[in-house]
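Each reported figure results from applying straightforward, stated rules to the coordinates on display, with no laboratory input. Just so it is clear, the structure is predicted and the values come from calculations on it, not from any experiment. Cβ coordinates were reconstructed from backbone atoms using ideal geometry, including for glycine residues, and neighbour counts include every protein chain displayed.
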Amino acid sequence: MRNREDANDIIEIDLLELMYTLLIRWKTLLVSAILAAGIAFTFRYFFIAPVYESNALLYVLTKSTSITSLADLQTGANLTQDYLIVTKDRPVLEKVIDYLNLPEDYEQLEKKVEVTNPTNTRFIMISVKDEDAERARVICDRIADVAAAFIAEKMDQDPPSLVKGGYADGKPVNHGIVFYTGMGFVAGFAIAGMLIMLSVIFNDYVLTPEDVENKVGLKVLASLPMDEEEEL
């Protein structure tokens, strides 16, 4: 039961009444959910292109490194951190842009490229995201090649070995149409339900004797029928 206490201005909420109101207005909830799902579907289909990812893997271990030497292994680990910076730096990416004749400039390509080093390894993982799966693979492979050559030339080190070239599986890495449509349906249902509940909670109109008892806290002792002419 909902009741307003004049002293503390507290609203008590009848959960059963809220649930009943939601049940009798299920059509409103359903229509809102379908409309929101349609909007989400349209937005995803027309305005968000699928994004594909390709990965290449380099291994940092020079030919002169002794596998039994901890010092050599530590040196390889330190070089890996240096190579991370070089691989994504301007000289490497600009050479890739020139070689492949890409429409992006350095800043645009740099946003598509991620270079990471898995913990406690000497691997360098190069990831490239693009709206074209094959294009992502080509860019990824070219970055690996150019970075290895740049390291050998400019840093006077043995180039990292290419363990795995770029691979394009044709599967988008961003959320698809089904995800967006489902989220739109849930959001539309939730928003409509919230608005309905707020309309019930803050509805202060007194229309029936039950409303007088519930909202004002007074007992109705008698009621007078409304004249038909007054109703008109």
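Put the Cα centre of the range 144-188 next to the Cα centre of the range 19-49 and the gap is 34 Å. What does a probe at Ala49 reach in the range 135-150, counting residues whose amide N is under 13 Å from the point 7 Å along Cα→Cβ? Within reach of a label on Ala49, which here means backbone N under 13 Å from a point 7 Å along Cα→Cβ, the range 135-150 contributes 135-136. A crude spin-label estimate for the pair Glu131 and Asn101, with each label 7 Å from Cα along the Cβ direction, gives 2.1 nm.
A simple spin-label model places pseudo-atoms 7 Å from Cα toward Cβ; at Ala149 and Thr42 they are separated by 5.0 nm.
Packing-wise, with mean Cβ within 10 Å as the measure, how do 27-35, 180-188 rank, highest first?
180-188, 27-35
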